Amino acid sequence: MDKSIVLKYDVDGNDFSLAGEASSSVKKVLLSLGFDPEIIRKVSIALYEGEMNMVIHANGGVITVEISPEEIHMLLEDTGPGIEDIELAMQEGYSTASDKVRELGFGAGMGLSNMKKYSDVFIITSEVNKGTRVEMVVKNKQ
Amino acid sequence: MEKYYHSVTLDVDKCKGCTNCLKQCPTQAIRVRDGKAKIIKERCIDCGVCISVCPYHAKKAITDSLSELDKFEYKVALPAPALYGQFPKVNDINKILNALLGIGFDDCFEVAKGAEVVTNRTKELIKSGELMDITISSACPAVLRLISVRFPNLLNNVLPIKPPIEVAAYMARQEAVKKTGLSEDKIGLFFITPCPAKATSIKNPLSVAKSGIDGVISIKDVYLKLAHKINSDSPPKNLQSAGFYGVSWANVGGEAEALEEGKYIAVDGIHNVINILEAVENEKLDDISFIEALACPGGCVGGPLTVENNYVAKSRIKETAKKLPKTKFSEDVDYNVLWEKPMEYNPIMNLDEDIFTAIQKASEIDKIYKGLPGLDCGSCGSPSCKCLAEDIVRNMASETDCIFKLREKVKTLSNEMNTLSKNLKG
Ligand SMILES: Nc1ncnc2c1ncn2[C@@H]1O[C@H](COP(=O)(O)OP(=O)(O)OP(=O)(O)O)[C@@H](O)[C@H]1O
Ligand code: SF4
Ligand SMILES: [Mg+2]
């Protein structure tokens, strides 16, 4: 018997029109599983921001989501440019987004801090020129 | 009234069992079983997309017939502003309202006036600061039902004001009582509507305990009768009093424009609405304060029960409205326009009440889905392979409903038969 379900998404870094598909799909799955709307909200915002970062800053990556009755575990891995100073990147308002990206409504520098805010566990590791790995957990209220 | 009463239904005789509606339904509420379409009642939001796309006109909306008028002593028509765009060369609302008197009504009350009251109250509510940062219009019942099944996190963003038709109904009844001296129950109020979702909401209301409307008549059903009366030369009586803003509600953007301030998005077409609601959920629309979301292309002017092409009707309504005053509707009604009951999350997409069981079902679905061809051809009667997998787990279908799976099975069977018969000979 499966105690959890694992969803995997290849996030395309070249097609901006597809960005957001993974978080939208996870949201639908969580609705069908009967999670509380508040939990779904936290997961979908955190995941959406992470997905967007992958597309905008890292040319895509892989998202793995494991859903169990206790928690939603999200792993976002990319092989992009990495982040030099994580502490700085985490600061609200810090962004390296280009003007082009800002025109699209991104680049407020709020993504990472929101991801941290909406998740119960947030671990980010990164290595320049190697990539970035973000692990987030949203606990289900029982 | 049963919990899932719907105006949108199927004419079984006309249905050919094709996949047109199946594919377009935004809540995946349609299946084809035994060669006929079936609507899953719990999932239907009455948007009427299936009515518009069915090439055989097998999807219809149940509305009342004109004979219902006979039940009342004094009959008042409440035309939706969308009606004003329906007739070629008619840019005079009065002509249309007079035609309504010609087909059996004693009086008219424009729903556009109810819309003006809603606009005024919306402005007040926005000013009061009690609303969320982003307010979503509550005018389209199909969108409300969509939110209640797919966007539970946006329920708090919905404007808690009753729809224009309920406000208009209250005002119309008061006016009729005053004019005639009759008791309220002798007065019949009939909504002339482009909209199956609104028809459903009259019988099965979303935000009021009981609707003030006595009957719902589709624009389609009275179109020809009205067209005949409109051309008569007798000078029209003045029945028109709604202004520019109220009438403009027929077109998408009309409601938002009437608010006169704040940045807004006006979105039409149910699939576009879904995209915008997703964006609101992702908190990506921070400088927007109001969202007018209408299920139909062009807004109510493109409602499934209209006759005229929605682009043509839209331009006609614009022309007509231009001539009307932009004065604020000041008539005050001592009527509570706020919702009488809150909107609730309707978790019909749930696989199971228990999360643990639901997860098992989900992984089961995933396994089945991986074995399906992924063509989303619809031949199985489910809208997509994913949906068939879900239907199988929900015990609503079986794997061999997929013709490719069936073919595989037949092949294996015949191979087995072959080997068996060889064994027999040997
Ligand atoms: N996956 C990643 N790979 C490389 N750099 C990243 C990644 N994620 C974030 N960054 C860096 O961290 C900065 C801050 O990220 P954050 O998500 O907080 O803001 P943003 O993406 O710039 O703007 P917003 O998320 O508000 O649209 C980014 O500008 C970028 O320099
Ligand atoms: S857009 Fe108007 S006509 Fe269409 S479903 Fe919504 S309320 Fe009804
Ligand atoms: Mg970001």
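A short reminder: the numbers here are calculations on the coordinates, not readings from a lab. What you see is a predicted model, and the numbers here were worked out from it, not measured in a lab. No Cβ is skipped: glycine too gets one built from the backbone with ideal geometry, and neighbour counts run over all protein chains shown.
Using only helices, what value at 222 nm comes out for chain A when you add -39,500 (n - 2.57) per DSSP H run of length 4 or more and divide by the total residues, to the nearest 500 deg cm²/dmol?
Numbers: 5 runs with 53 residues, N = 142.
Computed mean residue ellipticity for chain A: -11000 deg cm²/dmol.
Under unit Cβ charges (Lys, Arg +1; Asp, Glu -1), what dipole magnitude, rounded to 20 debye, does chain A have relative to its Cα centre?
380 debye
Name the aspartates and glutamates eligible as straight-distance cross-link partners of A:Lys139: C-alpha to C-alpha under 16 Å, and not fewer than 8 places from it in the same chain.
Cross-link targets: A:Asp36, A:Glu38, A:Glu66, A:Glu70, A:Glu71, A:Asp120.
Let me check I have the definition right: for the protein assembly as shown, take the eigenvalues of the Cα gyration tensor, multiply each by 5, take square roots. What are those semi-axes in whole Å, largest first?
So the equivalent ellipsoid measures 47, 33, 20 Å along its semi-axes.
Contact order normalised by length for the range B:355-426, with contacts defined as Cα pairs under 8 Å and 6 or more residues apart; what percent is it? Kindly include the intermediate steps, with their values, before the conclusion.
Working: 49 pairs, mean separation 15.3, N = 72.
The value is 21 percent.
Which pairs in the list B:Lys229/B:Lys326; B:Lys162/B:Lys203; B:Lys23/B:Lys203; A:Lys141/B:Lys341; B:Lys237/B:Lys323; A:Lys28/B:Lys386 are over 22 Å apart, alpha-carbon to alpha-carbon?
Exceeds cut-off: B:Lys229/B:Lys326; B:Lys23/B:Lys203; A:Lys141/B:Lys341.
Straight-line reach from B:Lys36: which aspartates and glutamates have a Cα under 16 Å away, not including same-chain ones fewer than 8 places off?
B:Asp11, B:Asp13, B:Asp401
Evaluate peptide A:26-32: per residue, the Cβ atoms of other protein chains within 10 Å of its Cβ; return the mean as an integer.
Going residue by residue through A:26-32 and averaging, the value is 5.
Give the calculated FRET efficiency between B:Ser65 and B:Glu344 to the nearest 0.05, with a Förster radius of 56 Å applied to their Cβ-Cβ distance.
My answer for the efficiency is 0.95.
Can you tell me what share of the DSSP beta bridges in chain B is antiparallel? A percent to the nearest 5 is fine.
Restricted to chain B, the bridges split so that about 30 percent are antiparallel.
Hey, rough spin-label estimate for B:Val53 and B:Thr357, points 7 angstrom out along Cα→Cβ, what's it come to in nanometres?
3.2 nm
When Cβ neighbours within 10 Å are restricted to other protein chains, what is their mean count per residue of peptide B:277-287?
4
Suppose the Debye formula is applied to equal point scatterers at every Cα of the range A:1-105; what is log10 I(q)/I(0) at q = 0.10, 0.16, 0.18 Å⁻¹?
-0.31, -0.76, -0.92
Express in nm, to one decimal, how much length is gained between B:Glu73 and B:Asn231 on full extension, taking 0.36 nm for each residue of separation and deducting their alpha carbon distance. Intermediate results must be reported in sequence, preceding the final value.
Working: separation 158, 0.36 × 158 = 56.88 nm, distance 2.73 nm.
That pair, B:Glu73 and B:Asn231, stretches by 54.1 nm at full extension.
Projected onto the charge dipole of chain A (+1 at Lys/Arg Cβ, -1 at Asp/Glu Cβ, origin at the Cα centre), which of A:Ser25, A:Tyr9, A:Val62 gives the Cα projection farthest towards the positive end?
Checking the options against the dipole of chain A, the answer is A:Ser25.
For the range B:168-263, give the magnitude of the charge dipole about the Cα centre (Cβ charges: +1 Lys/Arg, -1 Asp/Glu; no others), in debye to the nearest 20.
380 debye
Take the alpha carbon atoms of the range A:90-116, find their center, do the same for the range B:137-211, and report the distance between the two centers in whole angstrom.
Taking the Cα centre of the range B:137-211 as reference, the centre of the range A:90-116 is 43 Å away.
Using R₀ = 25 Å, calculate the FRET efficiency as 1/(1 + (r/R₀)^6) where r is the Cβ-Cβ separation of A:Leu104 and A:Lys139; round to 0.05.
The formula returns an efficiency of 0.15 here.
Taking the Cα centre of chain B as origin, work out the dipole magnitude from +1 charges on Lys and Arg Cβ and -1 charges on Asp and Glu Cβ, in debye rounded to 20.
1620 debye
For B:Asn415 and B:Lys203 in the same chain, what is the full-extension length gain: residue separation times 0.36 nm, less their Cα-Cα distance, in nm?
Between B:Asn415 and B:Lys203, full extension yields 70.6 nm more.
Defining a contact as two alpha carbons under 8 Å apart and six or more residues distant in sequence, what relative contact order in percent does chain A show?
27 percent
Rounded to the nearest 500 deg cm²/dmol, what is the calculated helix-only ellipticity per residue at 222 nm for chain B, with -39500 (n - 2.57) per DSSP H run of length n ≥ 4?
-12000 deg cm²/dmol
Between the alpha-carbon centers of the range A:12-57 and the range B:218-267, tell me the distance in whole angstrom.
41 Å
Considering the options B:Leu424, B:Thr320, B:Ser241, tell which one lies farthest towards the positive end of the dipole of chain B, charges being +1 on Lys and Arg and -1 on Asp and Glu at the Cβ, about the Cα centre.
In chain B, that residue is B:Leu424.
In the protein assembly as shown, what % of DSSP beta bridges are antiparallel (nearest 5)? Walk me through the numbers before you get to the answer.
Values: 37 of 57 bridges.
Here the share of antiparallel DSSP bridges comes out near 65 percent.
Tally Lys/Arg at +1 and Asp/Glu at -1 over every other residue whose Cβ is under 10 Å from the Cβ of B:Leu66; what's the total?
Here the charged neighbours net out to -2.
Relative contact order for the range B:183-278: what is it in percent, counting Cα pairs under 8 Å that are at least 6 residues apart?
Values: 56 pairs, mean separation 17.5, N = 96.
About 18 percent, as a whole number.
Mind checking the mean number of beta-carbon atoms from other chains within 10 Å of the Cβ atoms in A:35-41? Walk me through the numbers on the way to the answer.
Working: counts 4, 3, 7, 2, 0, 4, 6.
Mean partner shielding for this stretch: 4.
At a Cα cut-off below 20 Å, give the aspartates and glutamates reachable from B:Lys210, other chains included and same-chain residues fewer than 8 away excluded.
B:Glu2, B:Asp46, B:Asp64, B:Glu68, B:Glu166, B:Glu175, B:Glu184, B:Asp185, B:Asp334, B:Glu340, B:Glu344
Given a Förster radius of 25 Å and the C-beta distance between B:Lys318 and B:Lys89 as r, what FRET efficiency does 1/(1 + (r/R0)^6) yield to the nearest 0.05?
Using R0 = 25 Å, I get an efficiency of 0.95.
Give me the Å³ per residue figure for the convex hull around the C-alpha atoms of the range B:355-426.
Convex hull of Cα atoms, per residue: 103 Å³.
Run the simple label-point estimate for B:Lys186 and A:Lys28 please: 7 Å along Cα→C-beta, distance reported in nm.
Each label point lies 7 Å from its Cα, and together they span 5.7 nm.
Are there any helices in chain B, counted as whole DSSP H runs, that stretch 20 Å or more along their axis by Cα and score at least -1.0 on average by Kyte-Doolittle, and if so which?
B:111-128, B:164-180, B:355-371, B:403-425
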